[in-house]
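The values are calculated or read from the model by the stated rules, or taken from the named source; none is laboratory data. This is a predicted model, so every value here is computed, not measured. Ideal geometry is used to build each Cβ from the backbone, glycine not excepted, and the neighbour counts take in all protein chains shown. We work out accessible area using only protein heavy atoms, side chains counted, and drop any ligands, DNA or RNA first. Shrake-Rupley method; radii C 1.70, N 1.55, O 1.52, S 1.80 Å.
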Amino acid sequence: MDSTIYKSVSTRRSLKYNYFFSAPAAGKPVLLFVHGFPSTSYDWRYQVTFFKEKGYGLIVPDMLGYGGTDKPTDAVDYKLGLIAQDLVDILDAEKINKAIAVGHDW
């Protein structure tokens, strides 16, 4: 994935998230790809290529602590409910009100 087309957003917790974004073609849904530990958004490069060619919208963030996203040192910042809200903040920044989430973890 071309890092020059990555975007960044500051969440309501004032954390910066780095993410790949591609707008959907008319009538296509948005896919939110979420990587696990230890990884970055780059791991989704093959899926991004495949789904982008088919017109799907894509949001593929570097999750908290990885890649170009902030790396807080307080473990409390990594609570799943807080990270889920961060993802909603990213969707809100792109004015996406509905997405299909796809995730993996090792």
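Axis angle, to the nearest 10 degrees, between helix 80-93 and the longest C-alpha principal axis of the chain: 40 degrees.
The charge dipole of segment 56-106, taken about its Cα centre with unit charges on the Cβ atoms of Lys, Arg (+1), Asp and Glu (-1) only, comes to about 180 debye. Looking at the calculated P(r) for the chain, what percent of the C-alpha pair distances fall above 24 Å? Counting pairs separated by more than 24 Å, the tail of P(r) holds 17 percent. For the chain, the number of Lys pairs separated by eight or more positions or lying on different chains, with C-alpha atoms closer than 28 Å, is 27. Per residue, segment 7-95 exposes 52 Å² of solvent-accessible protein surface, assessed with a 1.4 angstrom probe and all protein chains in place. Taking the Cα centre of segment 1-98 as origin and assigning +1 to Lys and Arg Cβ atoms and -1 to Asp and Glu Cβ atoms, the resulting dipole is close to 260 debye. Think of the chain as having a plus end and a minus end, set by charges on the Cβ of Lys, Arg, Asp and Glu; of Ala23, Ala75, Val102, Ala23 sits farthest toward the positive end of this dipole. As a fraction of the 1.4 Å probe accessible area of the chain, surface on carbon and sulfur atoms comes out at 58 percent.
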